[in-house]
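**Student:** This structure is in structure tokens; I'll ask about it shortly.
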Amino acid sequence: MNKLDKLHDQLERIVGPEYVTFELCDRLVYSKDYSIEGFAGNYTPDIVVKPGSTDEVAAIVRIAIELDIPIYTWGGGTSMSGNPLAVQHGIVLDMKRMNRIIEVDPENLTITAEAGSTMAAVQAAAQKHGVFFTHQPESCLSSTIGGALSCMGISIFSAKYGYVYDQALGIEVVLGTGEKLEIGGKSYLSVPSHNLLNLFLGAEGTLGIITKAILKVYPIPQHRDHLSFGFPNITMAMAACKRIHAAGCWPETVYAFDKRSLAQYMERAKTPIPEDVKMAILFGCSGDQDMVNASMKSIAACCTELHGHILPDELTHSWWNSVNINRDTFDQSNFALSHTEYEPDLIDACVPLSKFQEYSDFCDELKAEFGWIDIDFGAFIVASPRGPIPFAIYFSVPIDTRLSAEAEKWFAFKERMYRKALALGGSISDVNGVGLRSAPWIREQLGTAWTFLTRIKSLVDPKNILNRGQRGFDQ
Amino acid sequence: MTEKLRRYEDWARACMHVRCGLCRENCPAYGQMKLDSYSAKGKVTMLYHWLEGSLEPSEKMAERVFACTSCGLCDIACGYPQSEAIQEMKIALFDAGIFPSAQYSRISEHTRRAGNPYGETPETGQQLLKAIPEASAENAEYLLFFGCTEIYRGAPQRESVLKILRSAGIPFKTPSENICCGSPVYRVGDLEQATIQAKSVQSMVKNIGIDQVIASCSGCYRTLSHDYSTLLRTDPGFRTIHTVQLIDRLIKEGTIRMRRMNAKVTYHDPCHLGRHSGIYEEPREILRSIPGVSFVEMEWNRKFSRCCGAGGGLRSARGEDAIEIASRRVKEAEETGASLLVTACPFCLRNLEDGAKSIGSSIKVCAIESLVANLIE
Ligand SMILES: Cc1cc2nc3c(=O)[nH]c(=O)nc-3n(C[C@H](O)[C@H](O)[C@H](O)COP(=O)(O)OP(=O)(O)OC[C@H]3O[C@@H](n4cnc5c(N)ncnc54)[C@H](O)[C@@H]3O)c2cc1C
Ligand code: SF4
Ligand code: SF4
């Protein structure tokens, strides 16, 4: 019996035959995520398995060690950087069967869920008990708690509540040895020694498989309102955000899009965008009506002070609708409709706040140098988790992958952009994960810390079973 | 084999680009069969690779594609009507003779042989239809079209529709032969037979000489009113309304009055009537107009309504799976606290009834026509 047949046999014994598949038509679904990397190589796994419990996950890891076959953990498969792709084929471990909401505890403001639960399901369960789970990426209907905690994502409510990792109080994780760890708990300060949670949060499945999480929830704000403003440039938009912070406002939504990105998000609603908008910001505030009104008034005053002009209500509504994708609003998503002609990929680097404008100008110049004259790129600036002051700028680059030279150009362009980010004192990745896209520059940025990180990796995953070949490990 | 599928290449590429998966969690086929390949994302992935030449169609692939109930919920999430592309995949697989199981091809064989998807002797249907007094009505304004489910499996609903139309004094006629509308064969990819059925219905209606058709089966309604222009490549020459539209009008005009019924009632939107045809309000208006009824919505309603699991040949071919899907919809109805789950399609009705039975639910499932007929003063 060859190795894969043996694996198939053993996996069937662990999870039951209906949750293991060898079929090509099943495996292909797991061969690409949003990134161009997925088109550039063959990442089809050899086998897909769907465990139903932590014990099954641990048993699968032990089999994988015994047979020396890598495991690639998948949640919703919505990541944007090639993070879950099966670089060396092997096993895709699909966590979505582990989707039980274990407990909602409104009194202690926690919710406990298995890692394969979707964000939308966790939110709905919280809502039923009168509390609010705040991590809501646009993919919340399909992406999972485990995937989100592994990718450091942001949410439309991030400006007030923070990153997804700010929501984690405790996790259960299976290491690459097959051992199970439980870290943290229900109390809001649960760090008896080093904060070991941080080792696994944002690790993109390379250090352990998250099987369960205890997460924060909040009291539900009763009202919510939005306004949007157009600015002549990024610098002014950033200054307005700082001014709003000084004024004492704490909005929950601060999303800044350039015109190209706005157009992408208006694909379904077809809402017209005023000609003179260069950079626009959507602000959302929540709470009691008088607080919301006061905050909105103050935000409007700060924006006007810094040469912002208010955008039509129709645009504000369409904008909010297009990012607020959930169980009752998924008919508003623009993703498929706006991504037909081209494959979008992201320049996902972080530069210091004062360099946002310079980095954006550099992107424009480089775009011209690469001969991309007729294509508009999109810029996004997001705030989280320190109130209205944005922390990240990233660019969406539309590539027609049917033209083979274009993908090559994209990889060269990406390298120049990343090198520029480092030269500006920035960092490789901010909100969309490292995965395959940003991995080549990780070592360079981390320097000696890289060696330390690989030592940690060999401790928790000595046989390099977990997401082998991902994130720069063993390349 | 992939010639016609090329039309959907752009949609498939868009999906391969974004991979958003927003179509997954609400897909009845995924919910039941559990593998991602059963969701629209999965099927569109197969379409992409099929067109690229990196996936050869197989029975396993057909098993995934044919499990689509054609509910169209993925279209709402995606923006592209991907269920249309999936329907075209079924046609291409059918034409290539690739079936997941004999259960699917049986629907087509039965229709080709007996004229109805159940394989019932056509004479039974003929006798039944001829026995309806209105079969010989003259000077009628409406033609009441009974579908195969109403004829062979849904006597109570049939009688209810007749009672309502009679008591409202609607001048209607019923056909004296049973011609399947073609929906079941179409949904399992048999385009050729679906077109034959469409032509037969068209010429029957033309011969009778009435241009307003009433249908109470949502599958028939959608097929007659939307699919015929595609199948026939021309306007069918008649207009179709669903019973809920007529009943709603009759209530509003005061032609129909109903007795009091103290009950909490919820409504399941049949995919063919709601999402595919945009008829959401009329059935709700009917229910709200019943004195004593407290109407409650299920969480997933109108265009977001979840599928009962019966469509696309799933009930005939994978009955247990279809019924399990229905039982989840019944549980949703139970959560509203309603004692009555009403729907407007005989096919949904049967599946939901079986779903309720399978979990021992005390909720009563009923057709909107039967409810109205029982309450008519
Ligand atoms: C349409 C769309 C909109 C998006 N909007 C946003 C947004 O608003 N904000 C945002 O932050 N992101 C967004 N994203 C990106 C993506 O949805 C997030 O990164 C998401 O958190 C990934 O979750 P997932 O379950 O899909 O993970 P996957 O894509 O399946 O996996 C992501 C990574 O996490 C690892 N992983 C998955 N599950 C586990 C686990 N249980 N244990 C350990 N490792 C695991 C994988 O190996 C992989 O490295 C969007 C993506 C799409 C396609
Ligand atoms: S039409 Fe319904 S069953 Fe078919 S893929 Fe879409 S959601 Fe699933
Ligand atoms: S919603 Fe559309 S684009 Fe998104 S995964 Fe489903 S079929 Fe693909």
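The values are calculated or read from the model by the stated rules, or taken from the named source; none is laboratory data. Just so it is clear, the model here is predicted, and its values are computed rather than measured. Please note: Cβ atoms are built from the backbone with ideal geometry, for glycine as well, and neighbour counts cover all protein chains shown. The area values use the complete protein model at the heavy-atom level, side chains included, leaving out ligands, DNA and RNA. Shrake-Rupley method; radii C 1.70, N 1.55, O 1.52, S 1.80 Å.
**Student:** Could you tally the net charge around A:Cys140, taking each other residue with its Cβ under 11 Å from the Cβ of A:Cys140, Lys/Arg +1 and Asp/Glu -1?
**Tutor:** -1
**Student:** Here's another thing I want to ask about it. Between the stretch A:235-307 and the stretch B:348-377, what is the C-alpha centre distance in whole Å?
**Tutor:** 51
**Student:** Report the net charge of residues surrounding A:Ala280, where surrounding means a beta-carbon distance below 9 angstrom and charges are Lys +1, Arg +1, Asp -1, Glu -1.
**Tutor:** Local net charge: +1.
**Student:** What nm value, rounded to one decimal, do you get for the distance between A:Thr235 and B:Lys357 when each label is placed 7 Å out toward the C-beta?
**Tutor:** About 7.6 nm separates the two model spin labels.
**Student:** Once you've got the Cα coordinates, tell me which of A:Lys96/B:Lys43; A:Lys50/A:Lys180; A:Lys160/A:Lys278; A:Lys242/A:Lys409; A:Lys96/A:Lys180; A:Lys128/A:Lys259 are over 27 Å apart.
**Tutor:** A:Lys242/A:Lys409; A:Lys128/A:Lys259
**Student:** Something else now. If you take the accessible area of A alone plus B alone and subtract the pair, what total do you get in square angstrom, rounded to 100, with a 1.4 Å probe? Provide the component values of the computation, followed by the final result.
**Tutor:** Details: alone 19240 and 15450 Å², together 31110 Å².
That pair hides around 3600 Å² of surface in total.
**Student:** Same structure, new question: Taking all protein chains as present, what is the carbon and sulfur share of the accessible area of the stretch B:3-100, in % to the nearest whole number, probe 1.4 Å?
**Tutor:** 46
**Student:** So, with a 1.4 angstrom probe, what is the percent of accessible area on the stretch A:223-332 that is carbon and sulfur?
**Tutor:** For the stretch A:223-332, the apolar C and S fraction of the accessible surface comes to 54 percent.
**Student:** What's the FRET efficiency of B:Glu299 with B:Ser339 using the Cβ-Cβ distance as r and R₀ = 22 Å, to the nearest 0.05?
**Tutor:** Once the sixth-power term is evaluated, E becomes 0.75.
**Student:** Please work out whether the stretch A:340-475 counts as rounded, prolate or oblate from its C-alpha gyration tensor, where a ≥ b ≥ c are the square roots of the eigenvalues and a/c under 1.5 means rounded, while otherwise a/b larger than b/c means prolate and anything else oblate?
**Tutor:** Verdict is oblate for the stretch A:340-475.
**Student:** Past 23 Å, Cα to Cα: identify those pairs from A:Lys414/A:Lys463; A:Lys32/B:Lys41; B:Lys264/B:Lys357, in the order given.
**Tutor:** A:Lys414/A:Lys463
**Student:** Mind pulling the angle between the C-alpha long axis of helix A:289-305 and the longest principal axis of chain A? Nearest 10 degrees, somewhere in 0 to 90.
**Tutor:** Computed tilt is about 70 degrees.
**Student:** Compute the accessible area per residue over the stretch A:343-433, keeping the other protein chains in place, probe 1.4 Å, unit Å².
**Tutor:** Numbers: 3240 Å² over 91 residues.
Result: 36 Å² of accessible area for each residue.
**Student:** When the Cα centres of the stretch B:234-290 and the stretch A:16-63 are compared, how far apart do they sit, in Å?
**Tutor:** Centre-to-centre distance over Cα atoms comes out at 46 Å.
**Student:** OK, next. Given the rule -39500 (n - 2.57) for each run of at least 4 DSSP H residues, summed and divided by the residues of chain A, what is its mean residue ellipticity at 222 nm, to the nearest 500 deg cm²/dmol?
**Tutor:** Details: 17 runs with 165 residues, N = 475.
Calculated mean residue ellipticity at 222 nm is -10000 deg cm²/dmol.
**Student:** Let me make sure I get this right: for the stretch A:267-337, a, b and c are the square roots of the gyration tensor eigenvalues over alpha carbons, sorted descending. Under 1.5 in a/c it's rounded, otherwise prolate if a/b > b/c, else oblate. Which is it?
**Tutor:** oblate
**Student:** Please give the average number of partner chain Cβ atoms lying within 10 Å of the Cβ of each residue in A:335-347, rounded to a whole number.
**Tutor:** Details: counts 10, 16, 6, 4, 8, 10, 4, 3, 5, 2, 1, 0, 0.
Mean number of neighbouring Cβ atoms from other chains: 5.
**Student:** Sticking with this one: Counting only protein chains, not ligands or nucleic acids, how are A:Phe133, B:Phe304 ordered by accessible area (probe 1.4 Å), most first?
**Tutor:** Heavy-atom accessible area, descending, gives B:Phe304, A:Phe133.
**Student:** Using a ≥ b ≥ c from the Cα gyration tensor of the stretch A:223-332 (square roots of the eigenvalues), is it rounded, prolate or oblate, where a/c under 1.5 gives rounded and otherwise the larger of a/b and b/c decides, a/b for prolate?
**Tutor:** Judged from the Cα gyration tensor, the stretch A:223-332 comes out oblate (a/c at least 1.5, b/c at or above a/b).
**Student:** In peptide B:7-14, how many Cβ atoms from other protein chains are near each Cβ within 10 Å, on average? It would help to have the intermediate numbers written out before the result.
**Tutor:** Values: counts 0, 0, 0, 2, 3, 1, 8, 9.
The mean count of partner-chain Cβ atoms within 10 Å per residue comes to 3.
**Student:** Next up: Could you please report the charge total around A:Glu23, scoring K, R as +1 and D, E as -1 over all other residues with beta-carbon less than 13 angstrom from its beta-carbon?
**Tutor:** Details: positive: A:Arg27, B:Lys60, B:Arg64; negative: A:Glu18, A:Asp26, A:Asp46, B:Asp36, B:Glu56, B:Glu59, B:Glu63.
Surrounding charge for A:Glu23 is -4.
**Student:** If you count, for every residue in A:32-41, the Cβ atoms of partner chains within 10 Å of its Cβ, what is the mean?
**Tutor:** The mean count of partner-chain Cβ atoms within 10 Å per residue comes to 2.
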